[in-house]
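Notes to accompany the following structure.
Just so you know, all these numbers are worked out from the coordinates, no wet-lab data involved. What you see is a predicted model; the values in this text were computed from it and never measured. Neighbour counts are summed over all protein chains in view; Cβ atoms, including those assigned to glycine, are modelled from backbone coordinates with ideal geometry.
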Amino acid sequence: MPDFIFVTCQIGAEGVLKGELARHWPALRLAFSRPGFLTFKLPPDHSLAEDFDLESVFARAYGFSLGKVTKSARAGRFSGQYDGRTLEKLAAGVWKAVEGRSVQRIHVWQKDARAPGNHGFDPSLSEEASNVHRLLVEACPHPENLARGARHPVRPCKPGESVLDCVLLAPDQWWIGYHRANSIPSLYPGGMMSFELPPEAVSRAWLKMEEALRWSRLPIPRGARVAEIGSAPGGTSQALLARGLWVTGIDPAEMNPAVLNHPRFTHIRRRSTQVRRREFQKIRWLTADMNVTPKFTLDAIEAIVAHPRVSIRGLLLTLKFTRWDMAEQLPDHLDRIRSWGFNVVRARQLHHNGREVCVAALQQPFHRKPFLGQRR
Ligand SMILES: C[S@@+](CC[C@H](N)C(=O)[O-])C[C@H]1O[C@@H](n2cnc3c(N)ncnc32)[C@H](O)[C@@H]1O
């Protein structure tokens, strides 16, 4: 078993990620770190399975680390360090690093260059990553082990498949690792769900909601009623409408006409605090994406879910941190959500999140509150 793990995250999240891992995994020791990429030494007696769950909100991808391949001839800190003068040599070095392991899939991605939104930066799978992926496929010593679809650089793998990870830190510095796919993000290269923004999407919030729905797998049936707080201009609502849901958008700002005119969309043009509780009586699912503090969002949601005439089964909330230190209160925020009766509560900094996280909460099984008589 390797002695190290690697973790990638959004640039800027390293501090909170380290704090989070220090709390959950006190035996881990930071070994190497660059913005967006860290490795940790494991304790000698660790018994981590190949599909271990780091239970981290801020880790975008992770796995066992086998060190790096570089162009330089210097000896490295890890025994898994190899030299190479050309890309092909680097690729050969990668396969040497994973010698003896059966590889079914190859995930290649570049470490983020900047924080999301900084100079328009959008974390994504680069052309360079696709090229390295192709090289690794071509150099694979046991192509018979590769799963169907492994030749495609972006296609997600299947749970249980063994994945070779190659993180490009620089053109000639590739960090090698592996994991066994298990969680939804671990199926995607670098934990990045790279889908295209449809041309009809009115905001990039579409990407965030699509990723949130796939990651959380909340069991929202077609035809269910969802309220979206902070709905303008409407990308989130479009992603929900596309799944056959009825959407009530709550926002004092204007909705895009393409959303407003959808037959399953209703706009309540008010702030969440100004909406009458009876508007929520048929609603079972609540999403929120307001440009306000986490405390404001949670106060607004609590006022709805705690009401005796409102029965909400699940939540998908975006909690925004204007400063990174605000993220340290996340465990308290999650406890607060649990205290409302949601027994399954998870959070993740999604690929499409900025300095914010997505929280998914579910009441499982669902207990509707008893009917309390006349509507008010
Ligand atoms: C990031 S945008 C939401 C993007 C939107 N989800 C989409 O799909 O395009 C934040 C929105 O929150 C709204 N907002 C802020 N405070 C609010 C409140 N108290 N109640 C409802 N909406 C609010 C703003 O008007 C703004 O339109």
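Placing dummy labels 7 Å off each Cα toward the beta-carbon, the span from Glu88 to Val344 is 5.0 nm. Distance from the alpha carbon centroid of the stretch 338-356 to that of the stretch 1-39 works out to 20 angstrom.
Inter-part distance, the stretch 114-146 to the stretch 253-314, computed on C-alpha centroids, equals 39 Å. How would the stretch 4-191 be classified by its alpha-carbon gyration tensor: rounded, prolate or oblate, with rounded meaning a/c under 1.5 and the a/b versus b/c comparison settling the rest? It comes out rounded by the Cα gyration axes. Could you tell me which of Ile5, Leu218, Gly249 has its Cα farthest along the dipole of the chain towards the positive end, charges placed at Cβ (Lys, Arg +1; Asp, Glu -1), taken about the Cα centre? Result: Gly249. Taking a point 7 Å from the Cα of Ser126 along the Cα-to-Cβ direction, the residues of the stretch 310-351 with backbone N closer than 19 Å to it are 351.
Annotation for Glu99 and His152: the two label points, set 7 Å from Cα along the Cα-Cβ direction, are 3.4 nm apart. So which of Lys71/Lys158; Lys18/Lys320; Lys71/Lys320; Lys158/Lys282 end up more than 30 Å apart, counting from Cα to Cα? Over 30 Å apart, Cα to Cα: Lys71/Lys158; Lys71/Lys320; Lys158/Lys282. Which of the lysines could a cross-linker bridge to Lys68, judged by Cα under 17 Å and excluding same-chain residues fewer than eight apart? The reachable lysines, counting only those whose Cα sits under 17 Å from Lys68, are Lys41, Lys89, Lys96, Lys111.
The local environment of Leu164, defined by Cβ-Cβ distances under 10 Å, has a net charge of +1 under the rule Lys, Arg +1 and Asp, Glu -1. When DSSP beta bridges are restricted to pairs lying wholly in the chain, around 60% turn out antiparallel.
The residues neighbouring Thr236, those whose beta-carbon lies less than 12 Å from its own, together hold a net charge of -2 under the Lys/Arg +1, Asp/Glu -1 convention.
Summing Lys, Arg as +1 and Asp, Glu as -1, what charge do residues with Cβ under 12 Å from the Cβ of Leu260 carry, Leu260 excluded? Counting the neighbours of Leu260, the net charge comes to 0.
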